[in-house]
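All remarks here apply to the structure that follows.
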Amino acid sequence: PPMHGAVQSPQYPQPYPPNLQKQWELSVPEGFQISLTFTHLDIEASTGCYYDSITVLYDEKLLGKFCGNENSADGNHPGYQPILSPGNRLTLIFQSDEYNPDLHQNVGFSAQYQAIDIDECSAPEPLDGSGPLCSQICLNTLGSYLCACHHGYELRSDQRTCALSCSSGVFDEVEGHLFSPGYPNPSPHALSCQYIISVEPGFSVSLNFSDKFHIESVDTEEGPNCLHHWLEVSIPNRESMRLCGGRSPGLINTNSNTVTLNYHIDDQGRSNGWSLDYSTSRVKCPVPGKVARGKVTPSLTEYFYRDPIYVRCEQGYKLMANGQEIESFSAVCQSNGDWHLPLPECHIIDCGEPEPLLNGGVTFLSGFQNQYLSKVQYHCNEPFYSPFGGSNVTLICEADRQWRSNQEVILKPVCLPVCGRPTKHFNNYQRIIGGDDAPEDTIPWQALISSTSGDGGAMIIADRWILTAAHVVVTKGEVATPESINIYIGHTDVGLLRKTPSLNVTAIHVHPEYHNLNQLNFDNDIALIQVQDPVTFKASIMPLCLPAKDDEYEDTIIGMVSGFGVTYKNNSQYQTKKLKYVHIPVASQEVCSNSLKGRSNAPILTDNMFCAGTPKGGKDSCQGDSGGAFTLQSADGRFWAAGIVSWGLKCGREGTYGFYTKVANYVDWINKIMQEN
């Protein structure tokens, strides 16, 4: 049905016709009444509206019969106040007779109607004795009404009357109010009520009973006995308690998130009941202990459910849990009152073993097991190696687990080989003598080269580099292959030397301007041999120093030549079994040149060579010594490579000299080859 509408007489606003009878049935939705308002009424007036009229009925009950207009002396005008129907229906009947003295003057009526909500709750109690619409609480709604009940009661199936009920369900709010049925008046008999308070885990329920408390009890010497009436408080995992008597229990802290209240009354006796307010609080966790060398935050006097704690270690210490290191630690107070993780421990950090130092070692100065603030010092294996920069490096184990120096930069020193400083020296160094056996460790740079074309000498100048003469590794213009070359170091006895493993040769670099197909041009007679594995230096194996670029030295300065070449004894030639050495002076370039005059088979002399020896002969290098070193000794005692045994005419004869490649002229080339490879 519509909520509103309009009704008008036939032909309105024209005069209505005679001999007319028309009926309208108006209705709106159930729960509403109709409000009818005549906006205009002009019907022939007569006493009692006998001739023409508009009649308003509600289920045949007359609500009004109207005619005339607002200025008529006769008739019955409804006015402009609405007419209310008792229900949701109205009947309108309009009639006119056959005679109208004011024909064409009376226009009839126009009316508006609308639905009005019925306030059922305000209606008087029915006279039929059926009782009020709702036995306890009536709630008016749009178009209808609802009945409700007081606490402790529930609505019956008729949706009007209320009956006592104890099934109050579960209370899960963080706070609330409970009371027994009828409180503070006596509770009905034969009650068995249950109330369950259940809140989120992690919260604890507290019951605060009001002062007015009365549950029937039997008094005994031990106190009230709850025989027939009681309020039982049940908490999980604890023995339940029964309350009765006339004294309020006051505040009960249950330390649980669930509490069940069972209220029991038999069919006799009298109990006025109880009332309580319940509240909740977070479960408390124990105050965590202390962590040695660590800090627990936040530091509070009490900790509750969901509160977190954190542990940080002092600088230089690390967090450990279950034997494993962890990056961070936090724990949360659980609903059961325990921390979800036990506290960790703080262990001192360690930097691990210092990185090993090639040709050196580590000395612990202080500390224990590489732990925080331990101090170590790198040292080189002296006297064979010395630290770059001249001083040893001290490192400290820092909090970031790095070994660092005082410069806050992680430094690992480099041990540089010490060149030209044998651990043993010749006792007769100042005497110029013929070739003699070299004692062990006096010429530790000496090397023996063995190949298919014969033997030669060489000198160690770096841990992967051997310096020799070019003609030792070149035969008929062809450079020997690395596989065909054996290099032996570390002994002065040839027999022992050849029993040691040879060095693994990886490359042979001959000076690019060495060209000596006819054995008459030894210019640029120099070569570098590269070995695969670095040589570890010791007393019997040490490098020889290189000269400075364009180094010069005076004539007659005495140098030393060594080698495993041919020697003479009683005018006979022998292959030496021991490393030999001889001290001979450097000759002037003029002397060198003059010694070659008149010799048709003499090689050419260049500025890349010098010669050494004595006019009388007897002291010289010879076959098999080629590639060995001619050394000079500087003022600080270091031996350095002045020359490489290159060539000569008849070893040690009067008026002959040995010729040597001048190493100073090739320092740039040597460094370039080593850096590029």
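Laboratory data are not the source of any read-out in this text; all were calculated from the coordinates shown. Here the structure is a predicted model, which is why all the values come from computation and not from measurement. As a convention, Cβ positions derive from the backbone with ideal geometry for all residues, glycine included, and neighbour counts pool all protein chains shown.
The charge dipole of segment 158-278, taken about its Cα centre with unit charges on the Cβ of Lys, Arg, Asp and Glu (plus for the first two, minus for the last two), comes to roughly 140 debye. Shape class for segment 436-673, computed from the alpha carbon gyration tensor (a ≥ b ≥ c): rounded, with a/c under 1.5.
Fewest neighbouring Cβ atoms within 10 Å first, the residues TYR80, TYR195 line up as TYR80, TYR195.
Sorted fewest first by neighbouring Cβ atoms within 10 angstrom, LYS672, LYS290, LYS580 come out as LYS290, LYS672, LYS580. Listed by chain and number, the aspartates and glutamates whose C-alpha is less than 16 Å from the C-alpha of LYS597, apart from same-chain residues fewer than 8 away, are GLU654.
Annotation: peptides 36-42, 355-361, 597-603, ranked by per-residue average of other Cβ atoms within 10 Å with the highest first, follow the order 36-42, 355-361, 597-603.
Once you charge only the Cβ atoms, +1 for Lys and Arg and -1 for Asp and Glu, what is the size of the charge dipole of segment 436-673 about its Cα centre, to the nearest 20 debye?
Numbers: 19 positive and 25 negative charges, 142 e Å.
Here the size comes out at about 680 debye.
Would you mind putting 320-333, 237-250, 457-470, 374-387 in packing order, based on average other-beta-carbon counts within 10 Å, highest first? Present the calculation step by step, with values, prior to reporting the outcome.
On the way: 320-333: 12.7, 237-250: 14.4, 457-470: 24.6, 374-387: 18.4.
Ranking, from highest mean packing down: 457-470, 374-387, 237-250, 320-333.
Taking a straight Cα-Cα cut-off under 22 Å and skipping sequence neighbours fewer than 8 places away in the same chain, the lysines within cross-link reach of LYS65 are LYS22.
Residue separation of ALA321 and ASP338 scaled by 0.36 nm, minus their Cα-Cα distance, works out to 4.3 nm of gained length.
Students often check this: by mean Cβ neighbours within 10 Å, which of 538-546, 252-260 ranks highest, and how do the rest follow? Write down the numbers at each step before the final one.
Details: 538-546: 19.8, 252-260: 17.2.
Packing proxy ranking, top to bottom: 538-546, 252-260.
Remark: segment 360-417 is approximated by an ellipsoid whose semi-axes, taken from the C-alpha gyration tensor as √(5λ), come to 22, 12, 7 Å, largest first.
Taking N as the number of residues in segment 4-118, what is its Cα Rg relative to 2.2 N^0.38 Å?
On the way: Rg = 13.8 Å, N = 115, 2.2 N^0.38 = 13.4 Å.
Dividing the Cα Rg of segment 4-118 by 2.2 N^0.38 Å gives 1.03.
Of the cross-linked pairs LYS538/LYS577; LYS476/LYS616; LYS424/LYS578; LYS318/LYS375, those separated by over 28 Å at the C-alpha level are LYS476/LYS616. Note on THR481 and SER328: the extension gain reaches 48.9 nm, defined as 0.36 nm multiplied by sequence separation minus the Cα-Cα distance. With a point put 7 Å past each Cα toward its Cβ, work out how far TYR99 is from SER210 in nm, to one decimal. Calculated label separation equals 8.0 nm. Here segment 449-476 is scanned for amide nitrogen atoms under 18 Å from the site 7 Å beyond the Cα of ASN504 along Cα-to-Cβ, giving 463-466. For segment 28-42, the residues whose backbone nitrogen is under 20 Å from a point 7 Å from the Cα of LYS61, taken along Cα to Cβ, are 28-37.
At 0.36 nm per residue, minus the direct Cα-Cα distance, what do GLU552 and THR536 gain on full extension? Give it in nm, one decimal, please. Write out the running numbers ahead of the final one.
On the way: separation 16, 0.36 × 16 = 5.76 nm, distance 3.13 nm.
So the extension gain works out to 2.6 nm.
For segment 457-592, the square roots of the Cα gyration tensor eigenvalues, ordered a ≥ b ≥ c, give a/c below 1.5, which places it in the rounded category. Of all aspartates and glutamates in the structure, the ones whose alpha carbon falls short of 15 Å from that of LYS61, not counting any fewer than 8 places away in one chain, are GLU25. Relative to the longest principal axis of the Cα atoms of the chain, the long axis of helix 667-676 makes an angle of roughly 30 degrees. Between LEU416 and GLN23, the modelled labels are 13.2 nm apart [label points 7 Å from Cα along Cα→Cβ].
Can you give the FRET efficiency to the nearest 0.05 for ASP219 and THR260, using r as the Cβ-Cβ distance and R₀ = 22 Å?
Numbers: r = 27 Å, r/R0 = 1.23.
So, using R0 = 22 Å, E works out to roughly 0.20.
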